[in-house]
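For reference, the structure discussed in these notes is given below.
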Amino acid sequence: MATKPKSPESFSTSVDRMADRAFAALDLDPGIASVIKACEAIIEVNFPVPIKGKIEIFTGWRATHSSHRLPAKGGLRFAPAVNQDEVEALAALMTYKCAIVDVPFGGSKGGLMIDPAKYDRDEMQLITRRFARELIRKGFLSPSTNVPAPDMGTGEREMAWIADTYKQLNPENLNYAACVTGKPVQHGGIAGRTEATGRGVVYVMREFFRHPEDVKAAGLNGGLAGKRVVLQGLGNVGCHTGHLLQDEDRAKIIALVEKDGALINTDGLHVQQIREYMNTHKTIRGFPGAMFTENGRAVLEMECDILIPAAMEAQITEENAPRINTKLIVEAANGPLTFEADEILRKRNITILPDALVNAGGVTVSYFEWIRNLSHIRFGRMERRYDEMRGEYLIAAMQSLSGKPVSDDMRREIVKGAAELDLVRSGLDDTMRHAYQEMREVLLTNPKVTDYRTAAYVVAISKIARSYFDLGTF
Ligand code: GLU
């Protein structure tokens, strides 16, 4: 196959090389491996938008890495340094991610080269709608073929504009709302999508800590309570991960690394307070009750039990990997470790829970949102009150049989019917646990697999290869 050569240090090469370890463990034919690794299609669009009386040209990409299942799915990133290679690498990760968590989608990703901080709301709306129109017209955005979602620099605001643009161009399509996920709940979004990636990270960590042998193998013991965590990134993923770990699991966030430096407090930081401070001051500098250092990168090397990179790719490279001082790395970001860093850390016996599993909670709940849009009904709407009524009957029966009253607390728990958010969290938890267990099973049973990342890729690639084979691709 004649494909464009990739630079050996590029993000997409790093993803390919990580996948290669799984291909080797599976003894798959190199031809099949190259079909699975190749990016099926990528489009570059250049479009003009009038900004403050002047025309500006914007450049964006959307890659469909695989379409063995449709739609192809993945976020849209708005950032100044976005480039084609990054979009292709992230699209490939989406293919593996969807397979790992059994989300029946292909992998895709998009990016727009822009610094969103430089434009006001109206300008961002013009630019986003224009970008969406380009993608729609060129067949790279629709409910059945390619469905974007939030990523770095985008959120529910942009997703609402995209959905509305698609609706205006396709008013006859009853399923227009399913053309994008991560929308506001009032506009076809689903409860729990915004927190989903961070919550999924925590669900994977909880599952890891449910297996004492896995915890011991990482050189740790006990549960999450009291574990010292260094967290990088206080965006959507980092914020939800940090606050759940701290509030629900009683882990201690001892350091928080952001763009402009890091905050350290070995007694524990309060993630939401820092986020609120950041929202007002646009920096973490000056946050009271913590030590600030400008050298955030050095703080990644601070001694801790768990390091969670939740910012962006290539944060741990061959340069700093030898000095990383943790037992467990939980990859909440996409591609935070380069291939070389991964090799070094593996040799140092540092346990790594890989991105393709760890941050797959976002696309999992996107899948729930897409189904909700196609069924045009909120989850739980039909059964919630019915379940509550049955709960009341159950309590009446228990009381009449035992002759004793049921306590108010117990009554509330038994009677409560599931709201959409309860169902979404339950589906997400089940998905992440199951995926962890599948990955773990490979690690325990395939002698050629010695790390979680390769195990996760083996799970993904086995499913994808099977799907291609069934479709007659090879
Ligand atoms: N951008 C997210 C990711 O990297 C979400 C993708 C989606 O929901 O489609 O996984």
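With no solvent and one point per C-alpha, what does the Debye sum give as log10 I(q)/I(0) for the range 145-224 at q = 0.12 Å⁻¹? The computed values of log10 I(q)/I(0) come out as -0.51. Here is the tail figure for the chain: Cα pairs spaced more than 37 Å apart come to 28 percent of all pairs.
Output the pairs from Lys73/Lys97; Lys183/Lys259; Lys97/Lys463; Lys138/Lys167; Lys216/Lys327 with a Cα-Cα distance over 21 Å in this structure; if there are none, say none.
Among Lys73/Lys97; Lys183/Lys259; Lys97/Lys463; Lys138/Lys167; Lys216/Lys327, the Cα-Cα distance tops 21 Å for Lys183/Lys259.
Only helices enter this figure: runs of n ≥ 4 DSSP H residues, each worth -39500 (n - 2.57), summed and divided by the residues of the chain, yield -15000 deg cm²/dmol at 222 nm to the nearest 500.
Which percent, nearest 5, of DSSP beta bridges in the range 59-175 are antiparallel?
40
For the range 126-187, the solvent-accessible area works out to 43 Å² per residue, with a probe of 1.4 Å and every protein chain left in place. Among Val49, Gly74, Trp61, which residue has its Cα furthest toward the positive end of the charge dipole of the range 15-74, with +1 on Lys/Arg Cβ and -1 on Asp/Glu Cβ? Of the options given, the answer is Val49. Between Asp115 and Glu294, the FRET efficiency estimated from the beta carbon spacing at R0 = 25 angstrom works out to 0.70.
Quick one: compute a quarter of the convex hull surface over the Cα atoms of the range 202-250 and quote it in nm².
Computed as one quarter of the Cα hull surface, the answer is 3.4 nm².
Backbone N atoms of the range 188-222 closer than 18 Å to the 7 Å Cα→Cβ label point of Asn175 belong to residues 188-190. Computed about its Cα centre, the charge dipole of the range 310-356 is approximately 320 debye, with only Lys, Arg, Asp and Glu carrying charge at their Cβ. Mean shadow of the range 316-474, computed from the convex hull of its alpha carbons, in nm²? For the range 316-474, averaging the hull's shadow over all directions gives 15.4 nm².
Approximating the spin labels as points 7 Å out from Cα along Cα→Cβ, the Leu401-to-Phe469 distance works out to 5.0 nm. Of the complete DSSP H runs in the chain, those spanning 30 angstrom or more by Cα along the long axis with a mean Kyte-Doolittle score not below -0.5 are 420-445. Remark: the range 370-450 carries a charge dipole of roughly 120 debye about the Cα centre, counting +1 on each Lys and Arg Cβ and -1 on each Asp and Glu Cβ.
Take the Cα of Ala41, go 7 Å toward its beta carbon, and the backbone nitrogen atoms of the range 132-174 under 19 Å from that spot belong to 132-149, 166, 170.
Pull out a ≥ b ≥ c, the square roots of the eigenvalues of the alpha-carbon gyration tensor of the range 174-301, then state rounded if a/c is under 1.5, prolate if not and a/b is larger than b/c, and oblate in the remaining case.
Here the range 174-301 falls in the oblate category.
Partners of Lys252 within straight-line reach, counting aspartates and glutamates whose Cα lies under 12 Å from its Cα and excluding those fewer than 8 residues away in the same chain: Asp267, Asp305.
A convex hull fitted to the Cα coordinates of the range 238-300 yields 77 cubic angstrom per residue. Think of the chain as having a plus end and a minus end, set by charges on the Cβ of Lys, Arg, Asp and Glu; of Val229, Ser462, Met18, Ser462 sits farthest toward the positive end of this dipole.
Rounded to the nearest 0.05, what FRET efficiency is calculated for Lys416 and Thr280 with R0 set to 30 Å and r the Cβ-Cβ distance? Working from the Cβ atoms, E equals 0.25. In vacuo Debye scattering of the range 99-159, one point per C-alpha: log10 I(q)/I(0) at q = 0.27 Å⁻¹? The calculated log intensity ratios at q = 0.27 Å⁻¹ are -1.32. Taking every alpha-carbon pair under 8 Å whose residues sit at least 6 apart, the chain reaches a relative contact order of 15 percent. Amide H contacts of Ile324: none lie under 5 Å away among residues 5 or more positions distant or on a separate chain (H built 1.01 Å from N in the peptide plane; Pro and chain starts excluded). If only the Cβ of Lys and Arg carry +1 and only the Cβ of Asp and Glu carry -1, the dipole of the chain around its Cα centre is close to 660 debye. Couplings 3J(HN,Hα) of the range 64-79, computed from phi: 9, 6, 8, 9, 4, 10, 10, x, 7, 10, x, x, 10, 9, 10, 7 Hz, in residue order, whole Hz [Karplus 6.51 cos²θ - 1.76 cosθ + 1.60, θ = phi - 60°; x for Gly and Pro]. One chain, two ends: Lys52 and Thr445. Fully extended at 0.36 nm per residue, the span grows by 135.3 nm beyond their Cα-Cα distance.
The values are calculated or read from the model by the stated rules, or taken from the named source; none is laboratory data. None of these values were measured; they are calculated from a predicted model. Note that we place each Cβ from the backbone using ideal geometry, even for glycine, and neighbour counts take in every protein chain shown. Note: areas computed on protein heavy atoms with side chains; ligands, DNA, RNA excluded. Shrake-Rupley method; radii C 1.70, N 1.55, O 1.52, S 1.80 Å.
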